[in-house]
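Taking it in order: structure first as structure tokens, then the write-up.
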Amino acid sequence: GSTGRDDGQYAAHSNWGPTDDPDTVNPNGYPTLKPQVLAPGVGIRSSINGSDTQYGNKSGTSMSAPHVSGLIALMWGAAPCLVGDYATTETLIQETAIPVPHASNCGGEGLGNVPNMAAGWGEIDAYAAVQAAIEHCHGDSLGWVEAEIVTGTLAPHQDLPVRVTFTCTPE
């Protein structure tokens with residue numbers, strides 16, 4: 001499902017559950033819950049089909065899915081013991097999601113409307129999910145991450161170098 005790009009709120013274009021195809025692999029007590037989590041999906045900058053260098057802002061769950069795929073890549077890169085363990089990966093993402101209580105009134109919702117049939121367990125939290133993955137595999141955490149990000153204003157059809165430096169230091 002989708003949330004706003006900056007506000008973490010449920011996006012109206014995102015479909016609700018329940019599903020008529022229950023989760024039999026990793027239901028976590030809510031086999032008909034859909035979506036299970038949300039990710040930013042409103043006003044996301046993406047390539048568009050005008051040309052090889054054209055970009056625009058798009059909205060929809062198709063903009064949310066890459067956020068979740070990227071999160072899984074980060075988790076599996078940081079915690080290789082999870083590679084291919086879809087149920088545990090999914091559980092860690094759900095457990096670390098930022099709750100988005102929403103009274104969908106569809107039935108089968110959790111205490112305080114989390115999880116619910118509109119927002120699932122909430123919006124993904126990449127830092128918390130990667131830290132949980134590391135703790136699951138190694139028993140320690142990321143500690144803190146220092147990031148230096150150098151940005152510029154990109155004009156259409158102009159290549160601008162961007163340098164990103166991440167330094168991870170264990171606690």
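Here each label is just a point 7 Å from Cα along the line to Cβ, and for residue 104 and residue 12 those points are 1.8 nm apart.
Sticking with the crude label model, points 7 Å out along Cα→Cβ, report the distance from residue 5 to residue 57 in nm, one decimal please. Label-label distance for residue 5 and residue 57, simple model: 0.5 nm. Between residue 135 and residue 111, take the C-beta separation as r, use R0 = 41 Å, and let me know the FRET efficiency to the nearest 0.05. That pair, residue 135 with residue 111, gives E of 0.95.
For the stretch 3-115, just say rounded, prolate or oblate: build the C-alpha gyration tensor, square-root its eigenvalues into a ≥ b ≥ c, call rounded for a/c under 1.5, and beyond that prolate if a/b exceeds b/c, oblate if not. Here the stretch 3-115 falls in the oblate category.
A simple count of charges around residue 34, restricted to other residues whose Cβ falls under 9 Å of its Cβ and scoring Lys, Arg +1 and Asp, Glu -1, yields -2. The mean sequence distance of close C-alpha pairs (under 8 Å, at least 6 residues apart), as a share of the length of the stretch 22-77, puts its relative contact order at 27 percent. Among 55, 30, the order of accessible area from largest down is 55, 30, computed with a 1.4 Å probe on protein heavy atoms.
The values are calculated or read from the model by the stated rules, or taken from the named source; none is laboratory data. Computed from a predicted structure; not experimentally measured. Note that each Cβ is placed from the backbone with ideal geometry, even for glycine, and that neighbours are counted across all protein chains shown. Calculation scope for accessible area: heavy atoms of the full protein, side chains included, ligands and nucleic acids excluded. Shrake-Rupley method; radii C 1.70, N 1.55, O 1.52, S 1.80 Å.
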